[in-house]
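Shown next, in structure tokens, is the structure this report addresses.
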């Protein structure tokens, strides 16, 4: 057993906090601004996309979209738009949505889940363009999604409405072929190439873009016409970058993460937050923060065993492996062309044993002086704990509020910390 561990203290970060207070009302007014009644006739069907991310207020937002089209006399329904998530099965994707409270009872319309696609055409790069059959056969499609920096790719367009048309509505078939194409070309080229074909050949009526703040709250909702997807996404992506949550310090020897999951990020942990977007097990040259080691302590319940992203960490608790559905994880990681994300870190039975293994390997710094950060997940970093090595810097930072003095880690008799830093 190691003789000493760092002491930790709690911090609260202060981010810019734009926020939509009336989410349903804002959704309604945004959709009304597009005058969709001019195109949607009573009795027509409207497929509305529902993704697999843990977007704040997603069920409320989707219900408001449904309500809008009900008022127009249309027949809306929800389609899971999540590529290969949920094990790449229709039932698995329906289960994911139900875990978010997205179901017929709450949203007021059917949830129609199928992995069947149609091939709309051949892309210029020589591969088939897949599109969800149920959405393709609807009279109209409304693409709802969060705009934010992608966890693997960089460009003027990253995660958002255009990616949802590819990966989400492409289902497992489309996600697989698009990620293969990205290996030979680039994300930017493929997203533009496929989006152009989808917009030309599929019944896309409108988009509803969501941007969140650093507190995992709805900060902006905007209805977008199909012809404006690309220019508006560029603007919204810059907005999202400015509001992205971040860790309070540029360097750390060890980052403890209570939970990862597909509801948190496509890679389980947001690589933009932990500095693993451009490097494998290390930050890219110009990437920050620079975290030496990452340790994962658990999976979210909503990820349903999908541990994609675990392979980005160096350490984990053994219980994480017990929570992992290896088949689902591998399907999702390989479909995304990122098999490393499904690999297994060194695992340890308790937090004490994990720290005993990790801290002596950080370099010449003594374990008790290590720079460590402890967070709930990469969506929730406004309140966290960090080691005493940051004490002096934290006192000089006006954006940080110190919530207590350094104290020993709260190990239980078995050598484990609380399941969440929020419980300490």
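A few points about this structure:
- Those residues of the stretch 116-153 whose amide nitrogen sits under 18 Å from the label point placed on residue 234, 7 Å along Cα→Cβ: 147-150
- Here the stretch 34-243 carries DSSP beta bridges of which approximately 45% are antiparallel, counting only pairs with both residues inside.
- Computed FRET value (nearest 0.05) for residue 318 with residue 396, which takes r as the C-beta separation and R₀ as 35 Å: 0.35
- Modelled spin-label separation between residue 184 and residue 241, with each label point placed 7 Å from Cα along the Cα-to-Cβ direction: 3.0 nm.
- Förster radius 22 Å - calculated FRET efficiency between residue 139 and residue 116, Cβ distance, rounded to 0.05: 0.75
- DSSP-defined beta bridges in the chain - what % are antiparallel, rounded to 5: 45
- Mean-position separation - Cα centroids, the stretch 246-324 and the stretch 370-406, in angstrom: 18
- Approximate spin-label separation residue 192-residue 17, in nm, with each point projected 7 Å along Cα-to-Cβ: 4.0
- For the stretch 34-243, the square roots a ≥ b ≥ c of the C-alpha gyration tensor eigenvalues yield an a/c under 1.5, which makes the shape rounded.
- Of 348, 185, 390, the sequence from fewest to most neighbouring Cβ atoms within 10 angstrom is 185, 348, 390.
- Alpha-carbon centroid distance for the pair the stretch 187-205 / the stretch 1-62, whole angstrom: 24
- Contact order relative to length of the chain, as percent, for alpha carbon pairs under 8 angstrom and 6 or more apart: 21
- By the beta-carbon count within 10 Å of each Cβ, the least crowded to most crowded order of 269, 164, fewest first, is 164, 269.
- Residue 349/residue 105 FRET efficiency (R0 41 Å; Cβ-Cβ; nearest 0.05): 0.50
- DSSP-defined beta bridges in the stretch 141-267 - what % are antiparallel, rounded to 5: 55
- Taking the square roots of 5 times each eigenvalue of the Cα gyration tensor of the chain, largest first, gives ellipsoid semi-axes of 39, 22, 19 Å.
- Residue 334 versus residue 287: modelled label distance in nm, points set 7 Å from Cα along the beta carbon direction: 2.4
- As a rough footprinting exposure proxy, the listed residues 246, 290, 371 were ranked by other beta carbons within 10 Å of their own, and the order from fewest upward is 290, 246, 371.
Read-outs throughout are calculated quantities, based only on the coordinates presented, and are distinct from any laboratory measurement. It should be emphasised that the depicted structure is a prediction, and the values quoted were computed from it without experimental measurement. Please note: Cβ atoms are built from the backbone with ideal geometry, for glycine as well, and neighbour counts cover all protein chains shown.
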